[in-house]
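Worksheet: the structure to be examined is printed underneath.
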Amino acid sequence: MSSPTTAATCTWAGGNNVWTNIAQWSCGVQPGSIDNVFISTPGSIVSISNINANAGTISLGSGNQLNITNSSLFIFNNAVTNNGTFTIGGAAGTADLRSGSGNVTFTGTGTIVLNDTAGLARMFSGGFVFGSGQTVRGSGQMGVNQTIFSNAGLISSDVNTRNLSIDVTGGNGGVGAGNGFGTNTASGLFNTGTMQAANGGTFVVRKRAI
């Protein structure tokens, strides 16, 4: 891990490899919770498998993929520029994308795919803010009886016979309440974008939806 007091810039060297391969990172170590991660070389596929991984911020360039299988990726410094594809799940076990602290904002024109066809695929903890260019699609869980979601993009349950569920039933306040968005004790859903079921998928929203 990098120094606990100084954020490192960790740039991926390109190609298809695993997150834990330190030879792939310009910082010479596996990124830590305050480090700024850049995956910019087109055609890169970075795989997080069977570990807990951390990052401060992430910038995922166009044509690149970040795949999470049977692992958790924690984002601590609340900013993701996503012009590529995050894939959560697709293999046995539990795959999580989680906020390490507060609300994580996704900007750019990328896609987040949840795939629970072989195991659990989840996004939860803190809050997630999806900008107008972001697409969240597939089947899995957004929120696990907790979490705040703000969507200005597209959320689509589009896998035939499967569910994409948003479960924000935990906490003690909805968006706009005195203890609403931006706190760690409330759960809620605020949507100014599009939420849809398509291709035989089912959309499930549990409580406190605004």
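What follows draws every value from the coordinates through simple rules; no lab data is involved. None of the values given here were measured: they were computed from a predicted structure. Quick reminder, even Gly has a Cβ in these numbers, built from the backbone with ideal geometry, and neighbours come from all protein chains shown.
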**Item:** Hull volume in cubic angstrom per residue (convex hull over the Cα atoms of the chain)
**Value:** 101
**Message:** Taking 22 Å as R0, compute the FRET efficiency from the Cβ-Cβ separation of residue 117 and residue 20 and round it to 0.05.
**Reply:** 0.30
**Item:** Tensor-based shape of region 55-148 (alpha-carbon gyration tensor, a/c under 1.5 rounded, otherwise prolate or oblate)
**Value:** oblate
**Fill in**
Highest GNM mean-square fluctuation among 125, 26, 157, for the chain with Cα springs under 10 Å, belongs to 26
**Item:** 87, 20 arranged by Cβ crowding within 10 Å, fewest neighbours leading
**Value:** 20, 87
**Asked** Among bridges DSSP assigns within region 9-206, what percent are antiparallel (round to 5)?
**Response** 0
**Message:** I want to verify a result. In a Gaussian network model of the chain, Cα cutoff 10 Å, which of these has the top mean-square fluctuation: 151, 17, 103?
**Reply:** 17
**Asked** Label points 7 Å out from Cα along the Cβ direction at residue 203 and residue 51: separation in nm?
**Response** 3.7
